[in-house]
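Just below is one structure, and these are the notes that go with it.
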Amino acid sequence: MSIITGPQQFNQDDLYVDLRATVGHELYLKCEGFNFAGSVKLKAATAMVEAAERDGILRPGSFLVESSSGNLGVALSMIAANRGYRFVCVTDSRCNLATRRLMESFGAEVHVITEPDPEGGLLGARKNHVRELCASDERFVWLNQYENPNAWKAHYATTGPAIAREFPQVDVIFVGAGTCGTLMGIARYFRETNPDVRIVAVDSVGSVTFGGPASRRMIPGLGSGERPPQLDESYVDDVVLVEEADTVRTCHQLARTGFLFGGSTGTVVSGATAWLAEHGTPGMTCVALAPDFGERYMDTIYQQHWVEDLYGDDVLAGEPVLAAA
């Protein structure tokens, strides 16, 4: 029996989906959404909040504020509600409607940025708005997931060891690159404990994280409009870039097997499949990280008109979408 007093105290950390029948290689998908926040971001959110409280930065009466494309905002909304903080999430127009409503259900205030910064894009505009809020009231506390070392330390302490415990002979780990906290925590852990493990970062086409040109990205979660401050490429062995249309296809292919995953997971699985098609060898054991599930994407990735308007009528040829309204 597990008895908790705060939702952040529970996280299922040892469930994997065997994708061999789907991708044709020994690939195990680590599901990070079995917690009350519904995503891997609960770990970073909990670590950052607890560190800020220990350091006296967060005190009774403080207002939490953070820039987030969705999942971290949900996690912080939940924790703030549990601990009695006001929370303002600064997001942008790409944030899923279901995600915004979920944050508001926890009592969070959601500010949606629609105009990009001329140089920093929507992410830069979100950060500028956070800075303006902090300047307007000293009670605002910005945890700053983009530069906060507790974000990657959370995964160094939990996610990395969890994979090593279940797969001591793992050869390759596929991790999506967003703010890069998850990627860096896992990569640092294995560099120190098992440097033979290959770390493959999976990013979205249109993201500038690994030096590619910026272009339109409509699926929140992975990718960035600026180079993440936490990224240290010396810990990354390979990078795979995934077109958003392939993300959508992969999500629908997984749904056809009964597993409804989110956009970040679709990107990671698509990237892992492409990498394994080129580099996979018999007997290779691989683990991929699934950051979230698909219920927050019902009005986007799993909505027929949204998919066809953005990616064309034939993007899901042979793969019927879940909603046609």
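Answer yes or no as to whether L42 is among the hydrophobic types (A, V, I, L, M, F, W, C), open to solvent by less than 20 Å² (accessible area, probe 1.4 Å) and touching a strand residue (DSSP E or B) at 6+ places or on another chain (Cβ under 8 Å). Considered against the rule, which asks whether it is among the hydrophobic types (A, V, I, L, M, F, W, C), open to solvent by less than 20 Å² (accessible area, probe 1.4 Å) and touching a strand residue (DSSP E or B) at 6+ places or on another chain (Cβ under 8 Å), L42 comes out as yes. Taking the criterion of being closer than 25 Å to V23 by Cα and either open to solvent by 40 Å² or more (accessible area, probe 1.4 Å) or hydrophobic (A, V, I, L, M, F, W, C) (or both), the residues of segment 169-189 that qualify are Q169, V170, D171, V172, I173, F174, V175, A177, L183, I186, A187. Looking only at residues of segment 190-222 that are part of a loop (DSSP other than H, G, I, E, B) and more than 20 Å from D92 (Cα to Cα), we find that the one that is most open to solvent (accessible area, probe 1.4 Å) is D196.
Figure legend. Inter-residue proximity from segment 209-236: first residues under 20 Å from Y189 (Cβ atoms) and aromatic (F, W, Y), second residues modelled with pLDDT of 90 or more and open to solvent by 20 Å² or more (accessible area, probe 1.4 Å), beta-carbon distance below 6 Å, spacing 6+ or different chains. Indicated pairs: Y235/R191. Among the residues of segment 79-101, those that are open to solvent by 10 Å² or more (accessible area, probe 1.4 Å), closer than 21 Å to L58 by Cα and of a type outside the set (F, W, Y) comprise A81, N82, R83, G84, R86. Can A75 be described as of a type in the set (G, A, S), modelled with pLDDT of 95 or more, over 29 Å from R256 (Cα atoms) and open to solvent by less than 30 Å² (accessible area, probe 1.4 Å)? So A75 fails the test.
The set of residues in segment 153-189 being assigned to a helix (DSSP H, G or I) and β-branched (V, I, T) consists of T159, I163, T182, I186. Being at pLDDT 95 or above, under 28 Å from V240 (Cβ atoms) and surrounded by fewer than 16 Cβ atoms within 10 Å (Cβ to Cβ) is a property that holds for E166.
For segment 72-120, residues that are in contact (Cβ under 8 Å) with a residue 60 or more places away in the chain, over 24 Å from P291 (Cα atoms) and small (G, A, S) total 1. Among the residues of segment 1-39, those that are part of a loop (DSSP other than H, G, I, E, B), among the hydrophobic types (A, V, I, L, M, F, W, C) and in contact with a helix residue (DSSP H, G or I) (Cβ under 6 Å, 6 or more places away or on another chain) comprise F36, A37.
Where residues in segment 131-144 are in contact (Cβ under 8 Å) with a residue 60 or more places away in the chain and out of contact with any helix residue (DSSP H, G or I) (no Cβ under 6 Å at 6 or more places or on another chain), which of them is surrounded by the most Cβ atoms within 10 Å (Cβ to Cβ)? Among those that are in contact (Cβ under 8 Å) with a residue 60 or more places away in the chain and out of contact with any helix residue (DSSP H, G or I) (no Cβ under 6 Å at 6 or more places or on another chain), it is V141. Within segment 1-10, the set of residues being surrounded by fewer than 18 Cβ atoms within 10 Å (Cβ to Cβ) and touching a residue at least 24 places away in the same chain (Cβ under 8 Å) comprises G6, F10. Might you check whether a residue that is under 20 Å from V172 (Cα atoms), open to solvent by 10 Å² or more (accessible area, probe 1.4 Å) and free of Cβ contacts under 8 Å to residues at least 40 places away in the same chain occurs anywhere in segment 280-296? For segment 280-296, residues under 20 Å from V172 (Cα atoms), open to solvent by 10 Å² or more (accessible area, probe 1.4 Å) and free of Cβ contacts under 8 Å to residues at least 40 places away in the same chain: present. Which residues, taken from segment 235-260, are crowded, with 19+ Cβ neighbours inside 10 Å and outside any helix (DSSP H, G or I)? Across segment 235-260, the qualifying residues are V236, V240, L241, V242, F259. Just one of the listed residues (E104, E119, E115) is modelled with pLDDT of 95 or more and open to solvent by 60 Å² or more (accessible area, probe 1.4 Å), and it is E104.
Within segment 145-156, count every residue that is in contact (Cβ under 8 Å) with a residue 60 or more places away in the chain and open to solvent by 30 Å² or more (accessible area, probe 1.4 Å). Adding up the residues that qualify gives 5. Being outside any loop (DSSP other than H, G, I, E, B) and either without any contact (Cβ under 8 Å) to a residue 12 or more places away in the chain or open to solvent by 30 Å² or more (accessible area, probe 1.4 Å) (or both) is a description that does not apply to E66.
Does segment 127-141 include one or more residues that are part of a helix (DSSP H, G or I), among the small types (G, A, S) and within 15 Å of V65 (Cβ to Cβ)? Within segment 127-141, one or more residues are part of a helix (DSSP H, G or I), among the small types (G, A, S) and within 15 Å of V65 (Cβ to Cβ).
The values are calculated or read from the model by the stated rules, or taken from the named source; none is laboratory data. Nothing here was measured: the structure is a model prediction, and the numbers come from that model. Please note: Cβ atoms are built from the backbone with ideal geometry, for glycine as well, and neighbour counts cover all protein chains shown. With ligands, DNA and RNA removed, areas are computed over all heavy atoms of the protein, side chains included. Shrake-Rupley method; radii C 1.70, N 1.55, O 1.52, S 1.80 Å.
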